[in-house]
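Engineer: Let me begin by handing over the structure; questions about it come next.
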Amino acid sequence: EPEVTQTPSHQVTQMGQEVILRCVPISNHLYFYWYRQILGQKVEFLVSFYNNEISEKSEIFDDQFSVERPDGSNFTLKIRSTKLEDSAMYFCASSRILYEQYFGPGTRLTVT
Amino acid sequence: GNSVTQMEGPVTLSEEAFLTINCTYTATGYPSLFWYVQYPGEGLQLLLKATKADDKGSNKGFEATYRKETTSFHLEKGSVQVSDSAVYFCALSEAAGNKLTFGGGTRVLVKP
């Protein structure tokens, strides 16, 4: 069964550094998303991406964040200058035109 | 804006007990409703969904009915197993391709 994959599974970085989180969505999906879950808190929407552009973004998704689909398979989330409060589990998801979003296993980002 | 409220956990049960997790929502339109499950150390998996009022979603012995009059989507299972121990998230989406709005999650622990 096709699945969403994410790399790395765990990323440790120092405050102020740039990080890139990578995702490979399911191949015939059209919509792509990033969510994050700070430890012990709700899963929060960050951004959705469709037809090679951002379709919606949350208040969390400020100028420090960017997304890209550099080729036909990868979908990346970049944080330009990480802060301590960016420490969280980041989930990528993808969906077809239907309602179901399929999530990857997540990347745990630790900012020290 | 949209919101989802679900009962706080943890919920601790014995094997073969009946499980109910309450979920209510606030939305401006007619959302689709979902339950996601997160097993320890894993990502979010879609458990079941309902896209219109009075629909019943079901999977793996779990059921939930979309109740528009009470804006609820309670999750039930008649006889839980130890393997059902996980965190369960109720979520909604306003339309296909739109972001998911999650509840806070309910941790369920099933003891043998």
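The values are calculated or read from the model by the stated rules, or taken from the named source; none is laboratory data. Every value quoted in this text rests on a predicted model; they were computed, and no experiment measured them. When we count neighbours, we look across all protein chains shown, and the Cβ atoms used for this are built from the backbone with ideal geometry, even at glycine.
Engineer: Sort out which residues of segment A:81-103 are under 14 Å from the mean Cα position of the chain (by Cα) and assigned to a loop (DSSP other than H, G, I, E, B), and write them in order of number.
Structural biologist: Of everything in segment A:81-103, those that are under 14 Å from the mean Cα position of the chain (by Cα) and assigned to a loop (DSSP other than H, G, I, E, B) turn out to be A:S87, A:Q101.
Conditions (1) in contact (Cβ under 8 Å) with a residue 40 or more places away in the chain; (2) out of contact with any Phe, Trp or Tyr (no Cβ under 6 Å at 6 or more places or on another chain); (3) within 21 Å of B:G1 (Cβ to Cβ), marked per residue:
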position	(1), (2), (3)
B:V37	yes, no, no
B:G57	no, yes, no
B:T70	yes, yes, yes
B:K77	yes, no, no
B:V80	yes, yes, no
B:S85	yes, yes, no
B:F102	yes, no, yes
B:T106	yes, no, no
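Engineer: OK, next. Hey, could you check segment A:81-104 for residues that are surrounded by fewer than 18 Cβ atoms within 10 Å (Cβ to Cβ), touching a residue at least 60 places away in the same chain (Cβ under 8 Å) and within 14 Å of chain B (Cβ to nearest Cβ) and say which is nearest to B:E42 (Cα to Cα)?
Structural biologist: A:R96
Engineer: If you don't mind, there's one more thing I want to ask. Those residues that are in a strand (DSSP E or B) and either over 20 Å from B:G97 (Cβ atoms) or among the charged types (D, E, K, R) (or both), I need them from segment A:1-33; list them, please.
Structural biologist: A:T5, A:Q6, A:T7, A:H10, A:Q11, A:V12, A:T13, A:V19, A:I20, A:L21, A:R22, listed by residue number.
Engineer: Another question, then. Does B:G78 meet the test of being on the phi < 0 side of the Ramachandran plot and surrounded by 16 or more Cβ atoms within 10 Å (Cβ to Cβ)? Steps first, answer last, please.
Structural biologist: Values: on the phi < 0 side of the Ramachandran plot: yes; surrounded by 16 or more Cβ atoms within 10 Å (Cβ to Cβ): no.
Taking the combined requirement at face value, the residue does not satisfy it.
Engineer: Still on this structure: Test each condition in (1) away from chain B (no Cβ under 14 Å); (2) surrounded by fewer than 17 Cβ atoms within 10 Å (Cβ to Cβ) for A:V111 and report the one that comes out false.
Structural biologist: All conditions pass for A:V111, except number (2).
Engineer: Would you check which residues across segment B:68-83 are outside any loop (DSSP other than H, G, I, E, B) and under 13 Å from the mean Cα position of the chain (by Cα) and list them?
Structural biologist: Across segment B:68-83, the qualifying residues are B:S72, B:L75, B:E76, B:K77.
Engineer: Do we have any residue at all in segment B:8-18 that's outside any loop (DSSP other than H, G, I, E, B) and under 30 Å from A:E59 (Cβ atoms)?
Structural biologist: no
Condition check ((1) farther than 19 Å from A:F103 by Cβ; (2) among the aromatic types (F, W, Y); (3) modelled with pLDDT of 95 or more; (4) under 13 Å from the mean Cα position of the chain (by Cα)) across all residues:
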| position | (1), (2), (3), (4) |
| --- | --- |
| B:E8 | yes, no, no, yes |
| B:T12 | yes, no, yes, no |
| B:Q38 | no, no, no, yes |
| B:K52 | yes, no, no, no |
| B:S58 | yes, no, yes, yes |
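Engineer: Another one. Restricting the search to segment A:48-80, which residues are more than 14 Å from chain B (Cβ to nearest Cβ), in a strand (DSSP E or B) and in contact (Cβ under 8 Å) with a residue 12 or more places away in the chain?
Structural biologist: Answer for segment A:48-80, where residues must be more than 14 Å from chain B (Cβ to nearest Cβ), in a strand (DSSP E or B) and in contact (Cβ under 8 Å) with a residue 12 or more places away in the chain: A:F65, A:S66, A:F75, A:T76, A:L77, A:K78, A:I79.
Engineer: Right, another one. Only residues that are closer than 14 Å to B:S83 by Cα, among the β-branched types (V, I, T) and within 14 Å of chain A (Cβ to nearest Cβ): list them for segment B:4-42, please.
Structural biologist: Passing the criteria: only B:V37.
Engineer: Return the only residue of B:T24, B:T5 being surrounded by fewer than 17 Cβ atoms within 10 Å (Cβ to Cβ) and under 15 Å from B:T101 (Cα atoms). Step through it out loud before you land on a result.
Structural biologist: Working: B:T24 fails: surrounded by fewer than 17 Cβ atoms within 10 Å (Cβ to Cβ).
Within the list B:T24, B:T5, the selection yields B:T5.
Engineer: Same structure, new question: Considering only segment A:27-45, state which residues are without any contact (Cβ under 8 Å) to a residue 60 or more places away in the chain, more than 9 Å from every other protein chain (Cβ to nearest Cβ) and either closer than 17 Å to A:P2 by Cα or among the aliphatic types (A, V, I, L, M) (or both).
Structural biologist: A:S27, A:I38, A:L39
Engineer: For residues in segment A:34-47 being assigned to a loop (DSSP other than H, G, I, E, B) and among the hydrophobic types (A, V, I, L, M, F, W, C), which is modelled with the lowest pLDDT? It would help to see each step written out before you state the result.
Structural biologist: Taking segment A:34-47 and keeping what is assigned to a loop (DSSP other than H, G, I, E, B), we get A:38-42.
Then keep just the ones that are among the hydrophobic types (A, V, I, L, M, F, W, C); that gives A:38-39.
Working: A:I38: 94, A:L39: 89.
Only one residue tops the list, namely A:L39.
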